[in-house]
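Any read-out appearing in this document is the output of simple, stated calculations on the displayed coordinates, not a laboratory observation. Since we're looking at a predicted model, the values are computed, not measured.
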C-alpha cells in the first residue's frame, strides 16, 4: 500500500501498532507496506515533537519491535479465548 493512499483510519491503526510493545515493525510492513523508516517518518509527521521523542526512546533497541531480535514466536502465550484473525477479519469460533 502506497503511503500516499493511506486513509485516516489506516494512519490511526499504524500509530496504534507502532506504540504497542509486542507488535513488530514487520507486522506493520506486512499489513500496510511501510518499511521501518517510513513508519518513523509517519510517526514524526503525525505526533507532536515531544510524543515522537518519547516513542523513539521507547522503541529504539526494543527487541520486541524487531522480529529478527525477538524470541517471542517460540513459546508465545495465546489465550484459548482469543479469536483467530484471518485476513484482518475476526472469525467466529
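Just want to confirm a number: the relative contact order over region 3-71, from Cα pairs under 8 angstrom separated by 6+ residues, in percent.
34 percent
From Cα coordinates alone, what are the radius of gyration and Dmax values for region 3-71 in angstrom?
Cα-based Rg and Dmax for region 3-71 come out at 11.4, 33 Å.
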